[in-house]
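The values are calculated or read from the model by the stated rules, or taken from the named source; none is laboratory data. Computed from a prediction, not measured in an experiment: that's the story for all the values here. Glycine gets a Cβ as well: all are built from the backbone with ideal geometry, and neighbour counts include every protein chain shown.
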Amino acid sequence: MELLITTKEPRYRQRINELFPTIEKAFNWVAALAVRALPLMDASFAARLEARARAYRDEIRKFESENPFGVPITTGGWAGSGQVVGFATTNYHLHKAFPEIIGAEDVYRGLHFVLGCHPGSNLSWVSGVGTDSKSVAYGFNRADYSFIPGGVVPGVLILPPDFPENKEDWPFLWGENEYVINVGAAYIFLVNAVNELVGRR
């Protein structure tokens, strides 16, 4: 993708077309990259990408039936703030390309979740952001009880069958309370994306 954007060489356009089956299979992971190629690709690629975006829209509707927040909530050993932020960011890129398919609400839901609209509490998973935010976390420097303003933790974990857990006073459950560097950066991107969508600059 970067080589196509930089060089505009037809061989990279051809290779992206050849990779479309992979794009289709891993769409939720690579949709944002695929959308970046749209201005440099042909009408056939755009039509195939639009069709896949429509299928994706139908796929993500399942989250609305699984939980009232409409986002992918993890149920494994690691909570999913990062997955939710990535989900919302993907939806932002798709909304920009196909606003009639992916709505702005599909972007807002991710930010709402991270800032307190989630199971178990209304605690913001971003330290120092919101009226009540995560104040005890496992820090970058392996400090036991860290507080880093703007740090994002994985958040709420759903334990079987349906118990939401986040130990507010115990940072050592890393899957719930460890500051994750790349999620902090992704959160900043998402906030700027939402500000753009609501008309703030």
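Checking each residue in segment 76-120 for being in a helix (DSSP H, G or I) and hydrophobic (A, V, I, L, M, F, W, C) picks out V84, V85, F87, A88, L94, A97, V107, L111, F113, V114. Under the condition of being of a type outside the set (K, R) and over 30 Å from D162 (Cβ atoms), the residues counted in segment 32-70 number 19.
Looking only at residues that are modelled with pLDDT of 90 or more and among the charged types (D, E, K, R) in segment 132-164, which one is surrounded by the most Cβ atoms within 10 Å (Cβ to Cβ)? For segment 132-164, the residue satisfying everything is K134.
Checked against the criterion of being touching a Leu at 6+ places or on another chain (Cβ under 6 Å), assigned to a helix (DSSP H, G or I), modelled with pLDDT of 95 or more and surrounded by 14 or more Cβ atoms within 10 Å (Cβ to Cβ), segment 53-75 contains one or more residues that satisfy it.
Scanning segment 151-186 for residues that are touching a strand residue (DSSP E or B) at 6+ places or on another chain (Cβ under 7 Å) and of a type in the set (V, I, T) yields V152, V153, V156, I158, V180, V183.
Cβ-Cβ distances below 6 Å connect no pair with a first residue in segment 1-25 that is at pLDDT below 95, a second residue that is part of a loop (DSSP other than H, G, I, E, B) and among the β-branched types (V, I, T), and a separation of six or more residues or different chains.
Condition check: surrounded by fewer than 20 Cβ atoms within 10 Å (Cβ to Cβ), farther than 30 Å from A137 by Cβ and in the same structural domain as I188 (by TED's automatic domain parsing). Does A104 satisfy that? The answer is yes for A104.
Identify, please: which residue in segment 165-179 is of a type in the set (D, E) and in a loop (DSSP other than H, G, I, E, B) and is, among those, surrounded by the most Cβ atoms within 10 Å (Cβ to Cβ)?
Looking at residues that are of a type in the set (D, E) and in a loop (DSSP other than H, G, I, E, B), I get E168.
If the condition is being loosely packed, with under 13 Cβ neighbours inside 10 Å and of a type in the set (V, I, T), then segment 1-21 contributes I5, T6, T7.
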